[in-house]
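Everything on this sheet refers to the single structure shown next.
The values are calculated or read from the model by the stated rules, or taken from the named source; none is laboratory data. Quick caveat, the model's predicted, so the values are computed rather than measured. Cβ coordinates were reconstructed from backbone atoms using ideal geometry, including for glycine residues, and neighbour counts include every protein chain displayed. These accessible areas exclude ligands, DNA and RNA; they are computed on the full protein's heavy atoms, side chains included. Shrake-Rupley method; radii C 1.70, N 1.55, O 1.52, S 1.80 Å.
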Amino acid sequence: SDVCSSDLDFVVSLQRTPSVEDLTTQSLLSDPYVVVARRGHPLATQRKIGPADLIRYDWIVPLRGAARRSAFDGVFTDAGGTPRSSIETHSLSAMRTFLADSDRLTLMTRYEATLEERLGLLVTIPYGSINPPALLGLTTRSKWLPTKLQRAFLEKLLNHAKAQAQPKTVRRSKS
């Protein structure tokens, strides 16, 4: 890895168990997977959706071994079958493109889906959160000492991650 060889000082990425004992991984936040589709998808207006509803549609899935794929497989463990999945990709831009003009479905993290919804491109299907969630982590060499600038950046990153993990308070205006 580039962290082990000192080409990189740290990596923020989906958390995996380090295979090298010289690496340290610190959890930053957990981001659940949600079902995503194009605006106007037939499932977007349904109130209650189960695996039997999801199984009727073609899916865009990542390759086997990816955390997102494990979450996808888990949705259909007890569903009596798996949906058709004619496209396998890790690319969010490819997912967006394939979803735009079809009734296909895919999984994205809540954070990814929120951005797509803000842009008006995609919608979250009301299925609920899917486990296991994506775990974002910080990986460094075990004995690495950050510079002053790196320490300041990592402190801001850790504070941001903690803030994202806190429940949000909804303030209601008085009418």
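Check cross-link reach from Lys148 to the aspartates and glutamates: straight Cα distance under 19 Å, and skip same-chain residues fewer than eight apart.
Result set, ordered by chain and number: Asp7, Asp9.
Tell me, what are the semi-axes, in whole angstrom and largest first, of the equivalent ellipsoid of segment 1-127 as set by the roots of 5 times the Cα gyration tensor eigenvalues?
They are 31, 17, 13 Å, listed largest first.
Report in % the part of the accessible area of the chain that belongs to carbon and sulfur, leaving out ligands and nucleic acids; probe 1.4 Å. If you can, show how the numbers build up before the last one.
Working: 5850 of 11260 Å².
C and S atoms contribute 52 percent here.
So what is the accessible area of segment 1-160 per residue, in Å², with the probe set to 1.4 Å?
Spelled out: the 1.4 Å probe surface of segment 1-160, per residue, equals 59 Å².
Which FRET efficiency, nearest 0.05, do Ala66 and Gln164 yield, Cβ-Cβ r, R0 22 Å?
0.45
Kindly provide the trypsin sites (Lys or Arg not before Pro) of segment 35-100 that DSSP labels as loop, not H, G, I, E or B, and whose Cβ sees at most 15 other Cβ atoms within 10 Å.
The qualifying sites are Arg39, Arg47, Lys48, Arg56, Arg64, Arg84.
Using label points projected 7 Å from each Cα along Cα→Cβ, tell me how many nm separate Glu88 and Glu21, to one decimal.
Distance between the two pseudo-spin positions: 3.5 nm.
If each DSSP helix of 4+ residues adds -39,500 (n - 2.57) and the sum is divided by the residues in the chain, what number results at 222 nm, nearest 500 deg cm²/dmol?
-8000 deg cm²/dmol
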